[in-house]
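Single-structure report; data block below.
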Amino acid sequence: MKIYTKKGDTGKTGVIGGRLDKDHPRVEAYGTVDELNSFVGRAIACLEDEKFEDIVRDLGEIQQHLFDCCSDLATVNPKIREYRTKAKDVEKIEELIDHYDQETEDVEYFIIPGGDQASAALHVCRTITRRAERRVVTLSRQDESLNAEVLRYLNRLSDLFFVMARVCNARAGVSDVYYTRSKKVFRKTKD
């Protein structure tokens, strides 16, 4: 089997249920999620130390779910195939956020991306997730049948990357980088 098909030479690409221009909002949406998945792989490569085994495991599972999100976004007609991203996937991300957040100090100031290499890589994942989320919002205005769970998943996922980035710094003994040119913007919460 050859890798190149030449079918995209005219600026069109195949999606589940048809062909679209390569700059169509649907292609932009799942393409950005695909880009995110690549950067999650890059973040995993920064986490070779065994103290990050749990994060590596969870990021590997997230990569599988991101493929599901791409598949859902690439489906032009939900009658062709059932959506793969479900509410339970969003709930799992929320559980992970709560779990990892227990390892970090309360946030009082905005955090500037940086610190440990793995933390910085996860902050890149967080910002790409936000861009993917914006692309999905744009697409959702054109397609009401879009799987709403993908948008919810991406929204929670960016929060998880933020928390994981902070955990990586904490486990590496590196301080978060705070934006210090403002007053405290977050208040401590009561349990």
Looking only at region 27-39, count every residue that is within 27 Å of Ala172 (Cα to Cα) and buried (at least 22 other Cβ atoms within 10 Å of the Cβ) and tell me the total. 1
Kindly check whether there is at least one residue in region 33-53 that is in a strand (DSSP E or B) and polar (S, T, N, Q). no
For Ala87, all conditions in the list (1) at pLDDT below 95; (2) loosely packed, with under 13 Cβ neighbours inside 10 Å; (3) under 22 Å from the mean Cα position of the chain (by Cα) hold save one; what is the number of the exception? (1)
Take region 77-112 and flag every residue that is out of contact with any strand residue (DSSP E or B) (no Cβ under 7 Å at 6 or more places or on another chain) and β-branched (Val, Ile, Thr). Thr85, Val90, Ile93, Ile97, Thr104, Val107
The residue from Asp72, Asp106, Asp159, Asp58 that alone is buried (at least 21 other Cβ atoms within 10 Å of the Cβ) and among the acidic types (Asp, Glu) is Asp72
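Among the residues in region 102-117, are any acidic (Asp, Glu) and under 30 Å from Arg19 (Cα atoms)?
From region 102-117, those acidic (Asp, Glu) are 103, 105-106, 108, 116; that's our starting set.
Restricting the remaining residues to those that are under 30 Å from Arg19 (Cα atoms) gives none.
No, that holds for no residue.
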Out of everything in region 137-156 that is buried (at least 17 other Cβ atoms within 10 Å of the Cβ) and not charged (D, E, K, R), what residue ends up being farthest from Lys79 (Cα to Cα)? Leu154
Quickly run through region 109-136 and pick out the residues that are aliphatic (A, V, I, L, M) and surrounded by 15 or more Cβ atoms within 10 Å (Cβ to Cβ). Ile111, Ala118, Ala120, Ala121, Leu122, Val124, Ile128, Ala132, Val136
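The values are calculated or read from the model by the stated rules, or taken from the named source; none is laboratory data. Just so you know, these numbers come straight off a predicted model, no measurement behind them. Backbone-built Cβ (ideal geometry, glycine too); neighbour counts: all protein chains shown.
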